[in-house]
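Engineer: Could you have a look at this structure, given as structure tokens, before my questions?
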Amino acid sequence: MHCPHCDSDNDRVLDSRACDDGRAIRRRRSCNHCRERFTTYERVENFALQVVKKDGVREPFQREKIERGVERACWKRPVSTEIVRTLASEVEAEVSSDFDTEVPSRHIGRLVMERLGHVDQVAYVRFASVYREFKDVADFVAELTPILNPPAQVFDPSVE
């Protein structure tokens, strides 16, 4: 492992622990050359899941792309990096359990939108505008209407 500060490859591990539901290992390291500390994450790449894009092109599943998309949607919003990572982990776990070899990109987008709606509504709309390729203001209004006017809950006195 190369130190991100001095590029030395001589470091020691100070602490290791499982994270992301046991699918990754977080290691706290100290560089023996410059004494700076840094964190690394190790993930097992045990599946060759392919993402099928809208145009039919297939590419390897990359969790980092989910994180980048969510980070862009959450730009200048009160959403922590830890929430972004957790969201990406949840999507990755669901995709890997539901699909063996190929997953449509639209399915991944729906999963991300579903979770972003519970995290931050502005980030949800930002992500939706890219994912659903909004063309004009009417598309934004159509997406915002269910958020602004949730369906009224009918009171049933028999249910207590």
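Engineer: Within the range 120-139, which residues are part of a helix (DSSP H, G or I) and loosely packed, with under 14 Cβ neighbours inside 10 Å?
Structural biologist: Val130, Val137, Ala138 - these are the residues of the range 120-139 that are part of a helix (DSSP H, G or I) and loosely packed, with under 14 Cβ neighbours inside 10 Å.
Engineer: Separate question: For Val57, are the conditions met, namely being in contact with a His (Cβ under 9 Å, 6 or more places away or on another chain), in the same structural domain as Leu116 (by TED's automatic domain parsing) and of a type outside the set (Lys, Arg)?
Structural biologist: On the way: in contact with a His (Cβ under 9 Å, 6 or more places away or on another chain): no; in the same structural domain as Leu116 (by TED's automatic domain parsing): yes; of a type outside the set (Lys, Arg): yes.
Against the criterion (in contact with a His (Cβ under 9 Å, 6 or more places away or on another chain), in the same structural domain as Leu116 (by TED's automatic domain parsing) and of a type outside the set (Lys, Arg)), Val57 does not qualify.
Engineer: What number goes with the only condition from (1) in contact (Cβ under 8 Å) with a residue 60 or more places away in the chain; (2) surrounded by fewer than 12 Cβ atoms within 10 Å (Cβ to Cβ) that Glu59 does not pass?
Structural biologist: That leaves (1) as the condition not met.
Engineer: Still on this structure, I have one more. Suppose we keep only residues that are of a type in the set (Asp, Glu) and under 11 Å from the mean Cα position of the chain (by Cα) within the range 50-95. Which one would you say is farthest from Arg26 (Cα to Cα)?
Structural biologist: Only one residue fits best here, namely Glu71.
Engineer: Of all residues in the range 107-160, how many are of a type in the set (Gly, Ala, Ser) and either within 24 Å of Pro78 (Cα to Cα) or modelled with pLDDT of 85 or more (or both)?
Structural biologist: The qualifying residues number 5.
Engineer: Would you tally the residues in the range 24-56 being in a loop (DSSP other than H, G, I, E, B), modelled with pLDDT of 90 or more and not hydrophobic (A, V, I, L, M, F, W, C)? Let's see the steps before the verdict.
Structural biologist: Of the residues in the range 24-56, the ones in a loop (DSSP other than H, G, I, E, B) are 32-36, 44-49, 53-56.
Applying the additional criterion that residues be modelled with pLDDT of 90 or more yields 32-36, 53, 55-56.
Add one more test, that the residue is not hydrophobic (A, V, I, L, M, F, W, C), and what stays is 32-33, 35-36, 53, 55-56.
Here the count works out to 7.
The values are calculated or read from the model by the stated rules, or taken from the named source; none is laboratory data. This one's a predicted model, so the numbers in the text were calculated from it and none came from an experiment. Glycine gets a Cβ as well: all are built from the backbone with ideal geometry, and neighbour counts include every protein chain shown.
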